[in-house]
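Everything on this sheet refers to the single structure shown next.
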Amino acid sequence: MRFASIARKYRKIFSAGLLAATILAAIGCVAADREAEEGSAEQVYLPEVRTEIVRSGISQEIATTGEVRAAKSATLTAEIRSEVKKVLVKVGDEVYAGQILAQLSSDSVASTRSTAGAAFVNAQSSLAQTELSSDQSIESARVALQTAEINLETTLKQNEALLRQAEEVLNAAKLSSGLSVSAAETTLDNAVRSAYPAAKDTVAECDEIVGVSSAYESSNDSFEHLIGALQSSSKPLAEAAIQNALNFLNYSADDYSSALALLEAAEGAAAATLDVLNNSITGADFTQTTLNSDIAAITAELSSIRSAISTLESAQSALESAQQSTDGNSQAVLSAQAVYAATIAQLAANEEAARRSVAATQAALESASKSAELTRTSAKASLNAVAGNLSQAQISQSKLTIRAPFAGKITSIEVEPGDEAAAGSNLIRIEDASLLKIVAYLSASAVRKIQPGDEVRIATKSSDRISAISPSADPATKKFTVEILHQNPYLQPGEFVKLRFQIGEQDSADTRIFLPINSINILSYGSFVWKLTPQLTEGINSKAVKQAVQLGEIEGEFVEITDGLAVGEEVIIDGGRILDASAEEVEVEINK
């Protein structure tokens, strides 16, 4: 490739670099002149450069400067307009977390705190008084309710005694009026009570033979076809009569009419069963002996039922006769009944009055409880409100005591005792330099090539890894913030250190030679780099000579060297553009 075409290809790339090199050269010259004026006659300024051994392939690096900061720092500010009363630390002091650093004062905060405290005490006293008054009101209503309940219980017991007395008087009158009526009633009662078991036994005997209810529906399965076989209508009639009697058995027979109806239903069931038996035939499963036995049993039951009906009817007739003969509506009985009715009415009125009293006192207790709860709730709400005001006042007061948020060192104090501090004004700055944070700013193209966790060389002896990369660029600088958390006893917050980010690995299969573009010097007659010459004595100073090179393809921030250099030679990659381009050989100081 001819030099003219190469020069045209890289002219735009290097123009900005040459301008920067010129400026840096001028700065270097001024600095050198100043040192020459201030130093001894023997002191000679040597440009500081960084070198690299030529290797094959691309091993890319991004070099920049990072600012050393404390990883943990805080600027404590005044949150309330106040006066600085005390500053208890000085710059450079080591402090522990929670240590009081300064004390502020504010008349308004103190006044608010005092007012809120007094209001809180008053609200507590009011709540206590309210609770005492409410408890007394509830207790009074509870005592009234207990008194009413005791009165009701006493009234019920008295009523019970008075009722027994009234019943005894009425019974005595009735007894003396006609003992025969009582005897007749007893006889009738006995007859009524006997009706149910008599009917039940008879119906059960019939049901077992005919098989109507669920209890006996399978009792005659083997001979069912023989029952009533001589007259087909007899069996359905018997089943209906038995079912009717079973229905009557579902209800108690507690008076003459119901007992008579039950016995008559049982009589009908027995008569129908006897009829169906008389129309039955015998067989292997239903012998003549069995049939005769069943007929005898049903005949006996029918006789028993008819006897019970007769006894019941006789007892009823006897009672009616006794009542007619003794004149149950005699004056003595009527008088006793009138007294008994009046007593019952008076007892009912007494009980109703006692129950109304209990209900009224119960309602009064519920009303007192609700009223007390509402009063307590209101008092508690008032207490909570003033407690909130007191808490806020206490928080405001606590903000007047400036404490260290963490252990560290005081790096600056912006106020003195007696100063007025506005809300938001800076008071004291504290830093914890046990862990450092080195901050660098990279372009978007550089940030795309790195990520958190990548290794970074720090200054000349340290290294660490990227801790964080900001997700967006600064709107003004268009740079991305890169942070490295680092521990190094030799670095201090505020320093600037050199950072080198490794952004590519060397490819052993690639035999090409690449150098950073800013290490190439382009002149009108060709391109060259500064190559170091071997030194016979050890030291940091070295000599560099011009080495003409041929340029090839560009790979990002690197350019291929097609001729002029060999692997293993040492060249200047940073600082070479400020060297004297007219000299063939220069002496430099190497920054390792």
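Bear in mind that the values in this text are calculations on the coordinates, not laboratory data. Predicted model only: the values in this text are computed from it and were never measured. Don't worry about glycine lacking a Cβ; one is built from the backbone with ideal geometry, like all the others, and counts go over all protein chains shown.
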Scan around D419 for amide H atoms under 5 Å from its own, H built in the peptide plane at 1.01 Å from N, and keep only partners 5 or more places away or cross-chain. V84
Kirkwood hydrodynamic radius of the chain, Cα pairs, Å: 39.3 Å
Please give every one of the lysines within straight-line cross-link reach of K399, meaning a C-alpha to C-alpha distance under 26 Å, and leave out same-chain neighbours fewer than 8 residues apart. K72, K85, K86, K90, K409
Where in the chain lies the longest segment free of GluC sites (Glu not before Pro) that are both loop residues by DSSP (not H, G, I, E, B) and have at most 11 other Cβ atoms within 10 Å? 43-504
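Would you mind calculating the gained length between S321 and E455 on full extension (0.36 nm times residue separation, minus the Cα-Cα distance), in nm to one decimal?
Result for the pair: 35.4 nm of gain on full extension.
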Calculate the spin-label point distance for D107 paired with A423, positioning each point 7 Å from the Cα along the beta-carbon direction, and give it in nanometres. 1.9 nm
Karplus (6.51, -1.76, 1.60) ³J(HN,Hα), θ = phi - 60°, over segment 83-90, in Hz, Gly and Pro reported as x: 10, 7, 8, 9, 10, 9, 9, 9
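Pop the C-beta distance of S314 and A284 into the FRET formula with R0 = 45 Å and round what comes out to the nearest 0.05. All intermediate terms of the calculation are to be shown ahead of the outcome.
Details: r = 47 Å, r/R0 = 1.04.
E(calc), rounded to 0.05, equals 0.45.
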Reduced to Cα centres, the span from segment 117-174 to segment 389-461 in Å works out to 71 Å
So how do I484, I554, I413 line up by other beta-carbon neighbours within 10 Å, fewest first? I554, I413, I484
What distance in nm separates the two pseudo spin-label positions at E139 and Q346, each 7 Å out from Cα along the beta-carbon direction? 4.1 nm
Sorting I209, G283, N250 by the position of each Cα along the dipole of segment 179-327 (Lys, Arg +1; Asp, Glu -1; all at Cβ), the one nearest the positive end of that ordering is G283
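Mind checking segment 182-251 for chymotrypsin sites (Phe, Trp or Tyr not before Pro) that DSSP puts in a loop (not H, G, I, E or B) and that have at most 13 other Cβ atoms within 10 Å? Working shown, then result.
On the way: sites: Y216, F223, F248, Y251; in loops: Y216, F223, Y251.
In loop regions of segment 182-251 (DSSP not H, G, I, E or B), the sparsely surrounded chymotrypsin sites (Phe, Trp or Tyr not before Pro) are Y251.
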Signed unit charges on C-beta, dipole axis of segment 179-327, positive-most listed residue L263, G228, N190: G228
Near-label residues of segment 47-90 by backbone N, under 18 Å of a point 7 Å along Cα→Cβ of A548: none
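Which FRET efficiency, nearest 0.05, do Q129 and E366 yield, Cβ-Cβ r, R0 25 Å? Intermediate results must be reported in sequence, preceding the final value.
Values: r = 23 Å, r/R0 = 0.92.
With a Förster radius of 25 Å, E is 0.60.
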Label points 7 Å out from Cα along the Cβ direction at N591 and S470: separation in nm? 2.4 nm
List the residues, sorted by chain then number, that are 5 or more residues from G552 or on another chain and whose placed amide H is less than 5 Å from its amide H. E560, I561, T562
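How much length, in nm to one decimal, is gained on full extension between R193 and F406, taken as 0.36 nm per residue of separation minus their Cα-Cα distance?
66.8 nm
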Using only DSSP helix segments of four residues or longer, with each worth -39500 (n - 2.57), what per-residue ellipticity at 222 nm results for the chain after dividing by its residue count and rounding to 500? -18000 deg cm²/dmol
Compute the FRET efficiency between V91 and R376 as 1/(1 + (r/R0)^6), taking r as their Cβ-Cβ distance and R0 = 45 Å, and round to the nearest 0.05. 0.20
